[in-house]
Structure formats: structure tokens, C-alpha cells
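Bear in mind these aren't lab numbers, they're just calculated from the coordinates by the rules spelled out. This one's a predicted model, so the numbers in the text were calculated from it and none came from an experiment. Here the Cβ positions follow ideal geometry from the backbone for every residue, glycine too, while neighbour counts run over all protein chains shown.
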Amino acid sequence: MPSPTPNGCTMTTPQHAAIDTNVLVALVDSRDHWHASAHALREALQGRGADLVYFDPVLNEAISVLARRAQEQGRSSQFADLLDTLTHQVPPEAITWLSAETQRLYSQVIALVRNTSGKLNFHDALIALGCQELGIAIIASFDRDLDQVTWLTRVETPDAVVTAFKPAPVD
């Protein structure tokens, strides 16, 4: 799997945090129920020095959600602005591409979806496996279904960020 870091190193420290679709959509859409919470969460992560990781399936889902929401809420005229905000916040060079790995990870994705009885969808399972392969231990998400992923710590509040980034005890 290609590394998202410029020097080709994989990530092994908790100073990286993946951003889930629901957080990204809330950051972009000021009318989203989670908008203020998402901003507080991002600020807390950045305050801890976390490098935010945006996987391409997250962008895929976010664009789809924003498009559907704008249409359903009768604000299709705002979609271009929402899309501009999204692409400004996450330019192409900031995206970690997992889709090229989907074929290789397919059986593992299906197994994870199966093991959670479908509570994790295909993209969530792919994102979780991408985190595992890249050593990303933290995911910013409002989706409690991700709590089933043993190798991830889900954070949804600034307090959870503080707890997740506490230094490990020294023996």
C-alpha cells in the first residue's frame, strides 16, 4: 500500500488521525447537525499535533452525501459551493489513496463486513483496514459502529482526543 507520507515511511505513531466521512461532511456543511462538534474535534486533533489523514473512499462518500443532501433539502444551488469548500479543505495532494488497494484487500474487507454482521459497510471496512496497514490508531468519527474495530480508537469529542493522545506509561 502506498504511504501517505512524503518520505515513504509508514505511519506508526498516534500523531495521525483518519477523518471519517461524517466528520468531513459536517466540517463542510454548516447546516449539518454535527457541524460545531466536527470543528471542535478537528481543532482538538490539530491542537495535539495530529496529522489528519483523508482516504479517497471518505471523499467519495462525502461528495455523494453532499450532493444527495443538497438535492433532498432543495438547495442544489449550494452544491457547487459545498464542493468547492470540500476540495479546498482536502486538495488532491492531501488524499491518501486506498482505491488502488481495493482488489488486494477485497477478501479482508468482505471478512470485516461479515464479522460485524454488516454494521460496517464496505467503505468503513476499507478505511479501517487502511488505518491498520498504515499504523493509524485513531479515527475521528461520529459512527459508533467503528468501535467494533479493535485496532482503532474512535474519537468524537475534544475530551476523547486528549485521552487518545495521552502518552503511554513508561515502564
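Below, the figures for the structure above:
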item	result
Fewest-first sequence of Glu133, Glu43, Glu72 by Cβ atoms within 10 Å of each Cβ	Glu72, Glu43, Glu133
Cα gyration tensor, the range 119-166 - rounded (a/c under 1.5), prolate or oblate	oblate
Rounded tilt (10° steps) of 122-134 against the dominant C-alpha axis of the chain	40
Computed magnitude of the charge dipole of the range 1-155 (debye, nearest 20; Cβ of K, R +1, Cβ of D, E -1)	280
Between 0 and 90°, nearest 10: helix 102-115 axis offset from the chain longest Cα axis	90
Histogram of C-alpha separations across the range 16-159, 10 Å bin width, %	12, 41, 35, 11, 0
Cβ-based exposure ranking for Ile138, Ile63, Ile127, Ile110, in which fewest neighbours within 10 Å come first	Ile110, Ile63, Ile138, Ile127
Distant-in-sequence amide H partners of Ala140 (H built 1.01 Å from N, under 5 Å)	Ala18, Ile19, Asp20, Val155
Net charge over other residues, Cβ less than 14 angstrom from the Cβ of Arg144 (K, R count +1; D, E count -1)	-4
